[in-house]
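Below: the structure, in structure tokens.
The values are calculated or read from the model by the stated rules, or taken from the named source; none is laboratory data. Computed from a prediction, not measured in an experiment: that's the story for all the values here. Quick reminder, even Gly has a Cβ in these numbers, built from the backbone with ideal geometry, and neighbours come from all protein chains shown. Protein only, heavy atoms only, side chains kept; ligands, DNA and RNA dropped before computing areas. Shrake-Rupley method; radii C 1.70, N 1.55, O 1.52, S 1.80 Å.
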Amino acid sequence: VVVLDYGAPRIISGRAREVISGGQLVFGSGASAAAVVSSGANSFNPVTDILFATAASGLNYVGIATYNAGSNTPISVATAGVHIVTAAGTIVGGRTVVANGGDAVVEGTAAGTVIGRALCPAGSEGYVLVDLGGR
């Protein structure tokens, strides 16, 4: 659930590679086999050229699904803003968080995997406010 977007949400459109529930952490699973993007913007179609899949973790994270989508249907993914996210473990407010797969985050600092910063504390399986991109 997005609670703040700073007045200018950053949303990426694409297509769900599988069934995706709103709030799940997703990653870009690559363009479809038939899609070819050239150096010109006229070759790019976000609905067919970007595919999203669930269970984002580590370096694969791109954003949070903004709503439920069926397999092979259009989807929007938020890449910024403050969102309510499930905590996979105890999180101290102010610490950085990383994608833990599915729909959860865990406290962490591994290089290249930080997706945001916790704005409040959370217990395991509780909810935490995460500023996506807040490093």
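Taking the full set of protein chains and a 1.4 angstrom probe, give the accessible area of Val2 in square angstrom, rounded to the nearest 10.
In the full protein context, Val2 sits at about 80 Å².
Work out, in µm²/s and without decimals, the Stokes-Einstein translational diffusion coefficient of the chain at 37 °C, 0.692 mPa s, Rh from Kirkwood over C-alpha pairs.
Translational D for this selection: 219 µm²/s.
Pop out the carbon and sulfur fraction of the accessible area of the chain as a percent, whole number, probe 1.4 Å.
56
For the residue pair Thr109 and Ala41, what label-to-label distance in nm results when each label sits 7 Å from Cα along the Cα-to-beta-carbon direction?
4.1
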